[in-house]
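These notes concern the structure reproduced below.
The values are calculated or read from the model by the stated rules, or taken from the named source; none is laboratory data. Model, not experiment: these values are computed from the prediction. No Cβ is skipped: glycine too gets one built from the backbone with ideal geometry, and neighbour counts run over all protein chains shown. For accessibility, only protein heavy atoms count, side chains too; no ligands or nucleic acids. Shrake-Rupley method; radii C 1.70, N 1.55, O 1.52, S 1.80 Å.
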Amino acid sequence: MTEAHYEEILAKQLAMNPQTWVALQKHGVTEQSELLLDFSYNAPNRKTADAMASLIQEQTDYDVRVESSSSFLRREWRVEGTTQKTAVSPEILDEWVTWMVVAGKQHHCKFDGWGTSV
């Protein structure tokens with residue numbers, strides 16, 4: 001993936017955060033609420049998926065796993081995980097998403113997004 005592709009991913013993720021924050025507030029989330037954030041990356045192969053998972057495990061306290069699925073034509077690799085409970089705000093979400101996209105870029109993995117349960 002090119003630099004422009006990662007910039008596009010980051011722009012899309014950052015653009016979604018305000019909408020997501022409004023939806024979370026409608027469900028009672030405030031800046032004092034602590035949430036578990038689920039996240040995922042798409043990886044081109046097992047080696048990059050393992051490297052991405054290792055980076056996250058080394059630099060965070062997140063639960064991380066590598067998943068694979070096979071289709072008729074190819075095997076797909078994903079890195080999935082969950083943060084520990086953390087307070088969130090629009091600013092924190094933007095900082096976190098930026099870190100996640102940049103970390104993915106370091107290991108040629110595409111940050112595929114995040115979610116949470118409230």
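Below is a table of values for the structure above.
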item: Single condition Val79 does not satisfy, out of (1) aliphatic (A, V, I, L, M); (2) open to solvent by 90 Å² or more (accessible area, probe 1.4 Å); (3) assigned to a strand (DSSP E or B); result: (2)
item: Residues located in the range 15-49, provided they are open to solvent by less than 60 Å² (accessible area, probe 1.4 Å), part of a helix (DSSP H, G or I) and in contact (Cβ under 8 Å) with a residue 12 or more places away in the chain; result: Asn17, Thr20, Trp21, Leu24, Thr48, Ala49
item: Glu58 vs. criteria open to solvent by 80 Å² or more (accessible area, probe 1.4 Å) and not in a helix (DSSP H, G or I); result: no
item: Filtered residue count, the range 27-47, keeping only those that are within 14 Å of His107 (Cα to Cα) and of a type in the set (A, V, I, L, M); result: 1
item: Odd one out for Val66, checked against (1) surrounded by 15 or more Cβ atoms within 10 Å (Cβ to Cβ); (2) part of a helix (DSSP H, G or I); result: (2)
item: Residue match in the range 2-13 (condition: over 25 Å from Val118 (Cα atoms) and polar (S, T, N, Q)); result: yes
item: Odd one out for Lys12, checked against (1) assigned to a loop (DSSP other than H, G, I, E, B); (2) open to solvent by 20 Å² or more (accessible area, probe 1.4 Å); (3) at pLDDT 95 or above; result: (1)
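Condition check ((1) more than 9 Å from the chain's Cα centre (by Cα); (2) free of Cβ contacts under 8 Å to residues at least 12 places away in the same chain; (3) open to solvent by less than 70 Å² (accessible area, probe 1.4 Å)) across all residues:
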site: Leu73; (1), (2), (3): yes, yes, no
site: Lys85; (1), (2), (3): yes, no, no
site: Glu91; (1), (2), (3): yes, yes, no
site: Glu95; (1), (2), (3): yes, yes, no
site: Gly104; (1), (2), (3): no, no, yes
